[in-house]
Structure formats: structure tokens, C-alpha cells
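Just so you know, all these numbers are worked out from the coordinates, no wet-lab data involved. Quick caveat, the model's predicted, so the values are computed rather than measured. Cβ sites come from the backbone with ideal geometry, for glycine too, and all protein chains shown count toward neighbours.
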Amino acid sequence: MSGIVGIVHLDGSAVNSDLVHKLTDFLSFRGVDGRHTHIQGNVGFGHTLFKTTEECEWASQPLTLDGKNWIVADARVDARDELVANLKSAGQREVEPPGWTDAELILRAYNAWGENCVEHLLGDFAFAIWDGSRQQLFCARDHMGVKPFYYAQVGSTVIFSNTLDCVRQHPLVSNKLNDLAIADFLLFSVNQDPATTSFHDIRRIPPAHFMAWPHCRPKQQRYWSMPVDEPLFYKRKNEYVDQFHELLGKSVHDRLRARRIGILMSGGLDSPTLAAVAHQRMSQRNMTFELRAVTRTSKFVPSENRYASKAANHLGIQIDFHDWTDVTDFRWEHISFALPEPTPVACLVPSDRQFWHKLKTYSRVFLYGEGPDNALALDWKAYVGYLLKTGRHKQAFVDLLAGIVREKRPPFWGRIWNTIANLGDCQAEPGQKYPVWLDKRFESRLQLRDRWRAYNSANLAVHPIRPTAYASFQNPLWQRLFEHLDASSIGGTFEVRYPFLDLRMLRFFLAVPALPWCRSKYLIREAMRGYLPNAILRRKKATTRLGSLYNFLSKFCQNPLVPTSEIRAFIIPQRLSPRSVAHENDVESNLRIRSLNHWLQNYRRSSDNL
């Protein structure tokens with residue numbers, strides 16, 4: 001989570017060195033271990049260092065190897081041995097002790113393969129390279145978009161950073177809002193365009209894309225898409241389990257590279273699995289280490305802390321609990337705090353920041369178990385249809401039977417049972433309704449009704465066998481998750497890593513047969529036998545008491561809304577529903593509007609130009 005920033009004048013004019021230094025200073029919250037700049041002619045790079053690996057002890061950025069090409073990066077490069085071998089084959093010099101840093105690996109990859117360097121990289125990264133020989137700026141972002149990358153081009157000036165508010169500090173960047181992004185937030189709770197932000201002048205590099213500025217006109221290109229592979233048909237069950245262990249072991253190993261690690265652990269299956277693998281890998285190093293878990297609990301899933309405790313006790317690691325519903329003051333709208341962009345539940349930010357602030361005393365690196373719920377979506381109909389279409393009738397019969405025998409119920413029974421179990425608990429209205437409170441001129445100018453219909457009829461699935469799982473990774477909610485846990489949002493000094501979102505893991509998950517391996521994440525349950533307590537392995541996915549949850553959230557909407565003059569350009573406050581208790585759609589839309597209203601009151605605080 002080191003801070004990066006750069007200013008490049010593509011017309012060749014000299015950059016303002018004072019401005020580069022001030023923008024770098026703005027990023028001091030990201031990097032507390034060092035601060036350096038490189039300013040030469042029309043190029044100015046800045047970097048603030050946050051040490052999370054042993055290699056960081058001798059890291060220094062901005063970095064050059066020849067005085068011509070310079071890099072500034074916030075990166076963790078995985079599969080380092082394979083990359084080093086490929087670099088040596090491409091003519092790079094022998095590695096010298098104590099080894100190449102992540103930034104040096106990327107720069108050497110660029111020197112070896114040019115723009116195609118991103119095809120050789122694995123990990124989480126956001127970086128910019130100034131190619132002095134070609135007078136070109138080259139920038140890239142990792143495959144899933146874990147690391148943020150923002151930029152603005154005003155005339156011949158390009159400003160970039162991994163922090164949105166840093167880009168906003170440049171005097172040429174205006175505060176003008178991006179109305180379509182604001183509309184998406186009000187309608188869907190998240191911007192649907194991965195290339196834009198809430199600000200007109202500031203854009204993102206989308207995940208799995210690079211950009212190059214050989215001149216004033218940028219070139220943007222996608223370098224990777226989620227693969228569509230044939231299913232893996234192994235002869236022995238143990239082959240699936242063995243491959244799971246091998247890939248997850250590599251993924252976790254690449255994300256450790258430190259002696260003190262935290263786990264954001266629930267009482268479910270996924271994060272305890274990460275804890276178990278991390279504990280095993282760190283124990284094999286024959287060095288002292290500390291592994292610590294923290295669990296966020298709530299009264300809406302009351303058994304969470306009990307199961308999380310079982311997992312921690314089984315592994316012999318320390319665990320701490322934090323009840324995120326332990327709120328006594330619901331007058332959040334009177335508290336002044338700024339966020340880079342609107343968030344749907346800004347009401348929870350004050351208490352969340354207290355929690356995140358405490359976490360930085362635990363570790364600089366936390367593992368998070370997000371991923372398997374999406375990657376192991378059942379998709380049994382598509383899978384069986386594929387088997388029948390390709391003449392694998394026996395395989396279809398065997399796998400269907402295995403899926404039923406494993407849990408002694410048909411694949412669709414869980415959906416029926418959950419529907420029955422939730423009857424009477426949640427008074428949510430069926431389906432989402434187009435809001436009546438949007439300003440008509442705003443709605444007409446952006447054709448929002450057409451956008452609403454297109455969104456609700458969109459079909460992102462392109463995978464013939466795993467359509468639900470594949471499409472879920474195209475959801476912009478992933479970007480919101482990563483940015484919600486980024487330092488610029490939480491105000492904390494630590495980095496969150498996602499081992500299950502490793503490309504090697506995702507490709508394997510999307511290729512395992514849906515039956516029986518994706519049924520209730522049977523693959524993970526089978527693989528973790530002997531590593532986790534049986535209570536965790538047998539536990540069904542916890543259900544949230546939705547009625548109680550929305551009753552709780554409605555308390556944040558009790559005070560009368562005091563609309564800003566700016567929000568009146570987007571909504572008609574008089575048309576807001578007076579209902580705020582236990583009606584899901586009303587509570588969610590009410591919170592979004594109040595969150596936007598609060599953001600509009602506070603976002604200018606971080607935009608006082610230098």
C-alpha cells in the first residue's frame with residue numbers, strides 16, 4: 001500500500017518540483033517508512049514506502065537501472081522464481097543478493113518485453129514507468145484490480161496516483177462531478193463503469209488494462225481476461241484435493257513474506273482455511289512468527305464468534321472480536337469525515353475507522369478469505385447440460401448422484417429451504433423498483449430509465465459451463481470491496497491480501513466439475529479434513545437475520561434529512577419514502593441518499609488545491 005504519484009508534461013515542459021514534493025507529502029499516510037522523489041525535466045515521480053516484505057528493507061523508489069527508465073510502483077509480485085527464470089532467459093543479469101525487489105522485477109520485465117511485460121506478471125500491482133528512450137509513460141494495473149490506479153489528463157499534463165484525493169490536489173484538476181457515476185451510485189450503489197470515478201476529470205485504469213502515453217493521446221488496452229477452460233476430469237478424487245492444496249499453498253506463500261500476519265477471520269469455511277494454510281506455511285520456515293485473527297461479529301449472525309473461536313483454538317492462534325453493531329450514537333450525519341467517493345453505508349464509517357485503527361497494531365498484512373462463494377457457485381444445470389451435449393451421459397448420472405448423496409438432498413433444495421426459513425423475518429418488498437425520487441431533468445438528461453432496464457437485463461455470462469461463477473467476477477462490486485479496504489478509505493496503515501483471488505486459484509476453481517465439488521464448497525471441506533475442526537467443516541453457510549438487520553440500519557435514518565443544495569440536482573427530497581423500518585428497498589435507498597448527501601457536504605475538504 002505504498003504511495004505513488006507522478007506528473008508528466010507530454011509537451012516537454014518542466015514540472016514544478018515543489019508541486020511534486022507536496023503531492024508526495026500528501027501520501028505520507030500510505031508510506032511511513034520512507035519518502036523519495038525523482039524530478040528530471042518534464043517528469044516528476046514520488047513514492048512513500050510502506051514495508052511489508054523482507055525485500056523492502058533495501059527498497060528505494062523511484063527506481064532506475066540505467067538512468068533512462070524510471071519506475072514507481074505499489075506492487076507485490078508473485079511466482080517470483082518463475083519470473084526470475086524467465087528474465088534470465090530473456091538476457092537480464094544474474095540476481096545478486098539479497099535479491100530483486102518487486103519494483104525492480106517489474107522494471108526488468110519492461111526492459112525485457114516492453115508493453116508485453118504485464119503478460120509475465122502475477123500479483124497485485126499498480127505502477128508507472130517513464131521510458132526515457134521512447135519518451136513514453138507506461139502504466140498498468142493488476143488483473144483483478146486489487147491495487148487502485150487513478151489518473152487525470154488535462155491538456156498535455158498527466159497526473160497519476162494510487163490515491164484519488166492525491167490527484168485532486170493538482171491545481172489543474174477540477175472538482176466537477178461525474179453525473180453518470182453519481183447516478184449509478186444512487187441506482188445501483190456502485191459506479192458501473194470501471195474506467196471512471198465520481199469526478200469528471202479523474203479516471204481509473206480498469207483492472208487487467210495498461211495505458212501508454214507516447215504522445216498526448218493515450219492508448220488503453222486490455223491484457224488479460226478470465227480464461228474459459230474445459231472441466232478437469234481426474235480419475236481420482238484425491239487429485240482435486242492435491243491440486244487445491246498445491247495452488248492454495250503457493251498463493252498463501254506468495255502473500256506472506258513477513259513474520260507477522262493477521263487474518264480477517266469469520267466463523268465460516270474460507271478464512272479459517274487461509275488461517276490453517278498460513279499457519280502451516282509459516283511453521284515450515286523454522287523461524288519465529290505471529291499469526292493473529294480478528295473476527296467482526298454481529299447479533300444478526302449470533303453463532304459467528306463461537307465457530308471462529310473453534311477454528312482459532314484448533315490452530316492455536318490468538319483471536320480478537322469486534323461487534324460492528326455495537327453502536328449507541330446514530331447521529332452520524334453530524335460527524336464530519338471525508339471519503340474518496342460515496343459509499344452506500346457511510347453511517348458505519350466512524351465506528352469502522354476505530355476498528356481499522358486498532359488493527360494496525362496487530363500487523364501490517366492481513367489475509368481476507370473473499371472468493372470461493374463466487375468461484376465455487378454451483379452452476380449444476382449448465383454443467384449437466386454440457387455433459388449431456390458432449391455425450392458424457394454416464395458422467396452426468398454419476399455426478400448428479402454424487403451431488404445428492406453427499407448431502408442427501410437434491411441440488412435445489414437449499415434454495416427452497418432458505419426461502420421458507422426467511423418467511424416472516426424480512427419484510428423486504430419483492431424485487432427492486434425504479435426510484436420515484438430522482439430529479440426528472442437529471443433522469444432525462446442521462447436517460448437513466450434506459451440504463452436501469454439495461455442493468456436489470458444484462459447478461460455478463462460468457463462461460464458455457466460455469467456462467468454464474470464466471471459472470472460474478474465481472475461485477476463492479478469487487479472494485480468497491482478493494483477500495484473500501486484501501487488505506488485511503490479506512491485510514492489505517494496495513495495491507496489486505498486475497499489469496500483465493502490468485503489467478504492460479506481462480507482458474508482451478510472455474511475448471512473443477514460443478515458436481516460434486518462446488519456443492520456447498522465440497523472441494524474445500526474435503527481438502528481441509530484434519531486441518532480444521534469438524535464443527536467448521538460441517539457447518540452450513542450462515543444466514544443473516546435480514547429483518548433484524550434492516551431494523552438496525554433504519555436507526556441511522558431516524559433524523560430528518562437536511563439536503564444539500566448539490567443533492568437537489570439529483571433527487572427530489574419530498575418524494576423520499578417516509579418508511580424507514582424493515583423495508584429493505586426503502587432502507588437501502590434512504591441510506592444511499594443520506595450517504596451521498598453527507599459526502600457532498602464533506603468531499604471538498606480534501607480538495608483544497610495546493
Next item on the list: As a check on your grasp of the helix formula, calculate [θ] at 222 nm for the chain: sum -39500 (n - 2.57) over DSSP H runs of n ≥ 4, divide by the residue count, round to the nearest 500.
Entry: -10500 deg cm²/dmol
Check: Mean shadow of segment 273-326, computed from the convex hull of its alpha carbons, in nm²?
Finding: 3.9 nm²
Check: Going toward the positive end of the dipole of the chain, with +1 on Lys and Arg Cβ and -1 on Asp and Glu Cβ, which of Ser444, Gln574, Ser13 do you reach last?
Finding: Gln574
Checklist line | Radius, Kirkwood style, for segment 88-149 when every pair of distinct Cα atoms is counted (Å) | finding: 12.6 Å
Next item on the list: Arrange the following residues from fewest to most other Cβ atoms within 10 Å of their Cβ: Thr24, Thr328, Thr361, Thr468.
Entry: Thr328, Thr361, Thr468, Thr24
Next item on the list: Once you've got the Cα coordinates, tell me which of Lys235/Lys389; Lys237/Lys540; Lys147/Lys299; Lys521/Lys555 are over 24 Å apart.
Entry: Lys147/Lys299; Lys521/Lys555
Next item on the list: Return the subset of Lys22/Lys51; Lys51/Lys176; Lys51/Lys250 for which the Cα-Cα distance in this structure is over 24 Å, preserving the input order.
Entry: Lys51/Lys176
Note to self: On a full-extension model of 0.36 nm per residue, what is the gain between Ala195 and Ala535, subtracting their alpha-carbon distance, rounded to one decimal in nm?
What the structure shows: 118.0 nm
Next item on the list: Before anything else, pin down the relative contact order of segment 250-314: Cα pairs under 8 Å, at least 6 apart, normalised by residue count, whole percent.
Entry: 41 percent
Next item on the list: Treat the count of other C-beta atoms within 10 Å as a stand-in for reagent exposure and order Asp379, Asp142 from fewest to most.
Entry: Asp379, Asp142
Next item on the list: For a footprinting-style exposure proxy, rank Arg451, Arg204 by other Cβ within 10 Å, fewest first.
Entry: Arg451, Arg204
Notebook entry, point to check: Highest mean first, what order results for 134-140, 66-72, 316-322 on Cβ atoms within 10 Å?
Noted result: 134-140, 66-72, 316-322
Note to self: Give me the dipole magnitude in Debye, nearest 20, for segment 3-222 about the Cα centre, with unit charges on the beta carbon: positive for Lys and Arg, negative for Asp and Glu.
What the structure shows: 560 debye
Item checked: Range of Cα positions in segment 3-222 per principal axis (Å), largest first -> 52, 38, 34
Note to self: Taking 8 Å as the Cα distance limit and 6 or more residues as the minimum spacing, I'd like the relative contact order of the chain as a percentage.
What the structure shows: 16 percent
Next item on the list: Indicate the gyration tensor shape class of segment 213-349 (rounded, prolate or oblate), computed on the Cα atoms with a ≥ b ≥ c the square roots of the eigenvalues: a/c under 1.5 is rounded; otherwise a/b larger than b/c is prolate and the rest oblate.
Entry: oblate
Next item on the list: Taking amide H positions as placed in the peptide plane 1.01 Å from N, state which residues far from Leu177 in sequence (5 or more) or on other chains have amide H under 5 Å from it.
Entry: His200
Next item on the list: Assuming R0 = 35 Å, can you tell me the calculated FRET efficiency for the pair Lys219 and Gln284, based on Cβ-Cβ distance, to the nearest 0.05?
Entry: 0.20
Checklist line | Check: the chain dipole with +1 on Lys, Arg Cβ and -1 on Asp, Glu Cβ, in debye | finding: 1840 debye
Next item on the list: Send over the Kirkwood Rh of the chain, from the inverse of the averaged 1/r over different Cα pairs, rounded to one decimal Å.
Entry: 25.9 Å
Next item on the list: Mind checking the full-extension length gain between Glu54 and Leu172? Use 0.36 nm per residue of separation minus the Cα-Cα distance, one decimal, nm.
Entry: 38.6 nm
Margin query: Taking 8 Å as the Cα distance limit and 6 or more residues as the minimum spacing, I'd like the relative contact order of segment 3-222 as a percentage.
Written below: 19 percent
